[in-house]
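The values are calculated or read from the model by the stated rules, or taken from the named source; none is laboratory data. Treat the numbers as computed from the prediction; the structure is a model and nothing was measured. Here the Cβ positions follow ideal geometry from the backbone for every residue, glycine too, while neighbour counts run over all protein chains shown.
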Amino acid sequence: MSREIYQEPLVSRYTSLEVQQLFSEKTKFTTWRKCWLALAEAQYELGLTDIVSEEMLIEMRANISNIDFEVASQKEKEIRHDVMAHVYEFGLKCPKSAGIIHLGATSQFVVCNTDLIIQRSAMQFIRSSVLQVIKNLSEFCLEYKALPTLGFTHYQPAQPTTVGKRNTLYLQDLIMDLEYIDMYLEQIKARGAKGTVGTQATFLELFKGDHEKVRQLDSLVAKKLGFTETFAVTGQTYTRKLDMKLAETLAGVAATSHKFAVDLRLLSNLKVQEEPFEKKQTGSSAMAYKRNPMRSERLTGLARKLMTLPQNFALTYSNQWFERTLDDSAIRRMDIPQCFLLADAILKLFVNITSDMVVFPAQIEKHLMAELPFMATEKVLMEAVKKGESRQEMHEVVKEHSLAAGKVVKEQGKENDLFVRLAGDERVPFSLQALETMVSDYSQFTGRAKEQTEEFLQEIVHPLLEKNSSQMKNIDSSLAV
């Protein structure tokens with residue numbers, strides 16, 4: 001790696017080798033050659049044997065990966081056309097086939113079909129990573145399904161929930177993301193063999209006006225490239241509307257990841273739940289005691305970047321005049337790989353964090369006890385009524401002491417002494433011990449949080465993971481510095 005020129009951090013620091021390789025020049029240009037071979041094979045099989053021979057096909061198959069990148073690069077500088085530069089270089093390796101390479105096709109035959117092949121593979125890789133996060137979080141939810149913790153609305157203390165239940169919220173969003181990924185994968189098709197502006201005019205000429213043969217050519221090329229369908233109609237390119245859906249789908253994964261990471265950063269500040277912290281990790285260069293949530297912060301930053309990219313795709317799609325314009329080319333070269341690299345980097349972090357999150361029950365209990373006296377006031381009222389007290393009169397007593405206790409907590413920084421105040425008031429028919437007993441079992445305040453978690457895991461998450469078990473990979477979640 002050169003230290004003298006800019007290096008893309010997504011490649012040098014954050015992403016998986018597999019995704020980097022998918023968007024490499026080697027993958028792209030090798031796939032171009034596979035497209036040319038598929039076209040020639042289909043033309044031969046559909047009867048153009050006077051133009052395409054078996055000998056040519058054998059020659060092309062033998063040279064799919066035999067690329068002289070320097071020759072192609074020099075030719076592109078000369079003619080200012082990347083596709084024709086590679087047609088030329090492929091022809092040097094296949095002199096018998098040189099005259100039929102790219103026969104009847106436009107540049108977007110190889111560019112679009114290759115993009116679709118690579119994007120489908122990349123999305124399938126992202127899908128596997130999402131499944132791994134779902135698996136990690138499901139195990140975490142199961143372990144902590146019954147551990148009460150303070151809930152928050154508006155980032156203000158609210159009724160207790162459980163640690164497991166809270167994390168089912170992220171799980172549910174990830175499952176939605178998975179569904180959107182599957183919708184995208186269902187929509188992706190081959191561009192096929194559509195000709196210069198999508199009318200298949202050149203192919204119709206090659207097959208001497210035989211419309212059925214041209215339709216078969218389109219279908220057969222798609223099949224050879226691994227697709228079951230082609231877009232029924234195209235201009236010169238497949239619709240860039242599909243690229244919009246690609247970006248929106250990956251941005252959705254980023255948004256889910258962002259919410260999780262921000263929540264974990266807030267929990268880290270409360271010292272109740274943290275991301276993994278390695279034995280030799282340094283949290284701060286100045287403050288040696290710190291355990292900064294650096295992975296969650298990095299995840300947040302990467303997700304923020306990905307969430308902003310869909311606008312570019314909308315602008316590109318909406319500016320494709322008529323059958324196409326070339327203003328999509330440069331930005332797609334950057335944004336499509338970057339979308340997938342960002343999603344990979346985000347999920348790599350998400351897998352890593354959820355593999356070994358740390359929970360601190362004692363801190364959770366401390367926060368609960370600081371707020372539970374306020375939350376238990378409704379129970380105090382109900383129990384007082386059972387003893388014959390007036391609910392309205394008791395409500396005024398509880399309100400009086402609650403406001404006073406809250407003021408002491410906020411203004412003097414003292415512990416919540418609401419129960420002490422209530423126990424010392426003759427109007428309240430409970431001792432301090434009786435009041436404390438009312439909140440001794442935290443689970444009574446968590447409603448069906450435990451049961452909801454169990455039901456969600458058993459009815460939705462576990463069947464999903466079982467159904468997709470063969471598609472899950474061991475994601476390398478090791479992180480760069």
query = Going through region 185-214 one residue at a time, which ones are of a type in the set (A, V, I, L, M, F, W, C), part of a helix (DSSP H, G or I) and either without any contact (Cβ under 8 Å) to a residue 12 or more places away in the chain or under 30 Å from THR249 (Cα atoms) (or both)?
reply = LEU185, ALA201, LEU204
ask   = What are the residues in region 128-156 that are touching a strand residue (DSSP E or B) at 6+ places or on another chain (Cβ under 7 Å) and of a type outside the set (S, T, N, Q), if any?
value = TYR144, LYS145, ALA146, LEU147, PRO148, LEU150, GLY151, PHE152
query = Taking interchain pairs and intrachain pairs at least six residues apart, which have beta carbon atoms under 6 angstrom, with the first residue in region 45-74 and assigned by TED's automatic domain parsing to the domain that holds SER24 and the second assigned to a helix (DSSP H, G or I) and at pLDDT below 95?
reply = none
query = Is it fair to say SER469 is within 30 Å of PHE350 (Cα to Cα), under 37 Å from the mean Cα position of the chain (by Cα) and modelled with pLDDT under 90?
reply = no
inquiry  = Among the residues of region 27-50, what is the count of those that are of a type outside the set (A, V, I, L, M, F, W, C) and touching a His at 6+ places or on another chain (Cβ under 9 Å)?
reply    = 1
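Can you name the residue in region 33-87 that is polar (S, T, N, Q) and within 41 Å of the chain's Cα centre (by Cα) and, of all such residues, is surrounded by the fewest Cβ atoms within 10 Å (Cβ to Cβ)?
Looking at the filtered set, the residue picked out is SER65.
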query = Of all residues in region 356-408 being within 47 Å of the chain's Cα centre (by Cα) and not in a helix (DSSP H, G or I), which is nearest to ALA434 (Cα to Cα)?
reply = ALA376
task = Can you tell me which residue within region 418-433, out of those that are in a loop (DSSP other than H, G, I, E, B) and of a type outside the set (D, E, K, R), is nearest to MET394 (Cα to Cα)?
result = VAL428
Hits in region 223-277 (condition: among the basic types (Lys, Arg) and either outside any loop (DSSP other than H, G, I, E, B) or at negative phi (or both)) = LYS223, LYS224, ARG240, LYS241, LYS245, LYS259, ARG265
inquiry  = For a quick check of your reading of the model, give me the residue pairs whose first member lies in region 93-107 and is more than 14 Å from GLU55 (Cβ to Cβ), whose second is assigned to a loop (DSSP other than H, G, I, E, B), with beta-carbon atoms closer than 6 Å and at least 6 apart or on different chains.
reply    = LYS93/ASN63; LYS93/ASN66; THR106/THR196
Which numbered condition ARG265 misses (of (1) basic (Lys, Arg); (2) within 20 Å of LEU302 (Cα to Cα); (3) out of contact with any Pro (no Cβ under 9 Å at 6 or more places or on another chain)) = (3)
Residue list for region 306-342, filter: among the charged types (D, E, K, R) and out of contact with any helix residue (DSSP H, G or I) (no Cβ under 6 Å at 6 or more places or on another chain) = GLU323, ARG324, ASP327, ARG332, ARG333
message = Tell me whether region 371-386 contains one or more residues that are farther than 23 Å from PHE445 by Cα and either touching a Gly at 6+ places or on another chain (Cβ under 8 Å) or at pLDDT 90 or above (or both).
response = no
message = Take residues that are of a type in the set (A, V, I, L, M, F, W, C) and over 30 Å from VAL351 (Cβ atoms) and tell me which of the helices (runs of 4 or more DSSP H) falling wholly in region 1-110 contain 1 or more.
response = 25-45, 54-61, 69-79, 82-93
note = Residues in region 141-184 that are of a type in the set (A, V, I, L, M) and part of a strand (DSSP E or B) total 2
